[in-house]
Amino acid sequence: MRLRQNRFVLLVFLALTGSAAFANRGVTPEDYFAFRFLNDARLSPDGKQVAYVETVVDRERNRRTSTIWMVAVDGRSAPRRLTAESANSTSPRWSPDGSRLAFLSSRAPESREASVAAAGNGAPAEAPRPQICILPMEGGEAQVLTHLKNGVSGFQWSPDGKRFVALSRTGPSDAIAPKDRKSDVRHYQHISYKFNDTGWYDDKRSHLWMVDAANGADKQLTSGDDWNDTDPQWSPDGAHIAFVSDRSGREYDDSHNRDVWVIAAEGGPLTKISDHAFDDEMPRWSRDGKQILFAGQTARRQFPKLYIASASGGASHLITEDLDLIPSDLHWGPGAGEVRFETGFKGTSQVFRIDLNTRKLAQVTSGERAFRGFDINEQASVMTYLANDFEHMDDVYAAALDGSHERRLTNVNAKLWSELALAKVERLPYKSTDGWEIDGFLVKPIGWEAGKKYPMVLSVHGGPAGQYGVDWYHEFQVYAAKGYAVFFANPRGSTGYGQKFERGIVNNWGGMDYQDIMAGVDAALKQNPWIDRDRLGVTGGSYGGFMTNWILGHTDRFKAAVTLRSVSNFISDDGTRDGAYGHEDDFKGFLFDQFDQYWNASPLKYVKNVKTPTLVLHSDNDYRVPLEQGEQWFRALQHYGVTSEFVIFPRENHNLTRTGEPKHLVESLNWQLYWFERFLDGDANAKPPDR
């Protein structure tokens, strides 16, 4: 009897304490250091293996390291690493016979003498640039093949496996030794002279090179100081190469007229393939080499359409009028009668196909996930891709060509997921104030309990040509773990809902997009009475930062705001950002002709209305939305006595929260939490991360 009683007591104890003792914790900003990121998965020619890139964070060195791994398509064996952890390796590309794997790697000079020579006159040696390396699949060490002065940014095997077409940069200054250069000033003659990711332009341009796969001997195929050549693609017979270039000579004067060209593999005159006055890109050869598929535009800001042209030149023809999505990653096949592409679609990312006989568009993948980086092997009847969702980061998957019989090949973050409590997302569709249908999404806080009230953070995505949805969002999981609900939406201006919806923001920034977002907040509050309407926060980056600032100038219902890399004044932004001007498509004209409209759409005009405590986060090397935008907003808030703080991240650009230094990316999240803890949780003792 006593044994039975003891067993009963034990069961009661476990029932009462088990969930507390063994419950998983919520996601923290610091979990970023443990994430394993996958990208660039490529099928082997026999369809039996997938090579992919895995990136991890070295917290101590504050850097990311990428290595190449391989996994069997049948999923019966564990993935194995192919390249050393001591050097970054990316862009795995199989030789046509599958016997070798080429990749890009930045490896140090092979000897002390080489290092000294590279430095020159005692100057610090430059960081090694990525070069093509080749790894024999039967065993052995990878060998560095190329030694191009400015490295390799992209490459592709020839169909016979004997050559590569590679992209490298070259320019007039390559002929001048550093010791002989007369000046270190920056000298520009074009309206475009900086870019967010790369900083200030040098005088080097991207061009095509031919490289011997046996000995690394190289030959430059294209040249020119006024344009860049990109995306080289071999013809099936190896005789020609298609590529993309704006040869108008006005690329650095804000031209938008890239075209598809073809050049013989040995070099020579060019043949123009595309025939549109605006951007054409992504050339892909048909299997017989007679046609080239590409995406093209006949007007600025138009959604690209898909065209097919003769490989020898001449007029192109439109595949279908029905495409109202933005295609990327084009593929022919499987079979000669269809093409496939990726696209954002109603809060997801999916693979679509077009039947070239019926001209009909159909979805290949489905579900509440984001699919990307797909590859197909018709002979093996297999398709591979990366996929994630709101609760999982990317893994490699394989499926039949029609998307059926899916199997997951990797589970790289499985151990971490087993330790975490992950929030789920629910779709919350609603109608805006003028009846437009909008997609909203709501995340409940971790540990949500009926009868309790919870604060909510509104997050606005960037762009505005972008979309929120079922992707993995680290910051949303962090908010949910801190006890905040999260609401986000795709207001007009977002992609994934057609061109009319995306261009619904024209001449309307801060107009109906603001109404769309606030209608979503009202819908979330109405449908979820557990949300505390007196404890609402708002945040967003880039366009989301603009909208955060705009919201603060038009309502005081939010109790805390964090604005990241935000636009505050279109007049100064338009003349200092990396894309010279650039808002004319949204404001029906250039700044000089529509000055009042630019000012009327600037949050700074309404800053005197702001009452919400605001944290301003910005990067000092942000060339997309320059630092002065954050400075103007912070100083104006201070001028009007608004509780506000300003945090500037050194060495970072507009992509801080995506590709910034790991420690800065994590610290950015902690700054956001500090502000919301202080003003949504009412914690007067909340300490900023730098304390």
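Before moving on, here are some points about what is shown:
- Seen through its C-alpha gyration tensor, with square-root eigenvalues sorted a ≥ b ≥ c, segment 324-416 comes out oblate because a/c lies at 1.5 or above while a/b is not bigger than b/c.
- Loop-located trypsin sites (Lys or Arg not before Pro) in segment 396-471 (DSSP state other than H, G, I, E, B) with a sparse environment of at most 13 neighbouring Cβ atoms within 10 Å: Lys424, Lys452, Lys453.
- Value of relative contact order over segment 319-417, rounded to a whole percent, pairs C-alpha under 8 Å and six or more apart: 16 percent
- Debye equation applied to the C-alpha atoms of segment 134-267, log10 I(q)/I(0) at 0.13, 0.18 Å⁻¹: -0.65, -1.07
- Shape call, segment 544-616: gyration tensor on alpha carbons, a/c limit 1.5: prolate
- Out-of-range pairs (alpha-carbon distance over 24 Å; input Lys272/Lys588; Lys444/Lys526; Lys346/Lys500; Lys611/Lys687): Lys272/Lys588
- For Tyr468, net neighbour charge (Lys/Arg +1, Asp/Glu -1) across residues whose Cβ lies under 12 Å away: -1
- Local electrostatic count, Asn257, Cβ distance below 12 Å [Lys/Arg +1, Asp/Glu -1]: -4
- Prolate/oblate/rounded call for segment 381-498, Cα gyration tensor, a/c under 1.5 rounded: oblate
- Segment 211-310: relative contact order as a whole-number percent, Cα under 8 Å and 6+ apart: 19 percent
- When you filter the trypsin sites (Lys or Arg not before Pro) in segment 560-632 for DSSP loop state and at most 13 other Cβ atoms inside 10 Å of their Cβ, you are left with Lys588.
- Zero-based 20 Å bins, Cα pair distances in the chain, whole percents: 16, 48, 32, 4, 0
- The dipole here belongs to segment 191-242: it is taken about the Cα centre, uses +1 on the Cβ of Lys and Arg and -1 on the Cβ of Asp and Glu, and is about 60 debye.
- Within segment 421-679, the proportion of C-alpha pairs whose separation exceeds 26 Å stands at 37%.
- Charge context of Val56, other residues only, Cβ under 14 angstrom, K/R +1, D/E -1: +1
- Footprinting exposure proxy for Phe103, Phe587 (fewest neighbouring C-beta atoms within 10 Å first): Phe587, Phe103
- The packing ranking of peptides 253-264, 433-444, highest mean first, is 253-264, 433-444, where packing means the average number of other beta carbon atoms within 10 angstrom of each residue.
Here, each number is a calculation from the coordinates, and none is a lab measurement. Just so you know, these numbers come straight off a predicted model, no measurement behind them. Every residue, glycine as well, gets a Cβ built from its backbone with ideal geometry; the counts of neighbours run over all protein chains shown.
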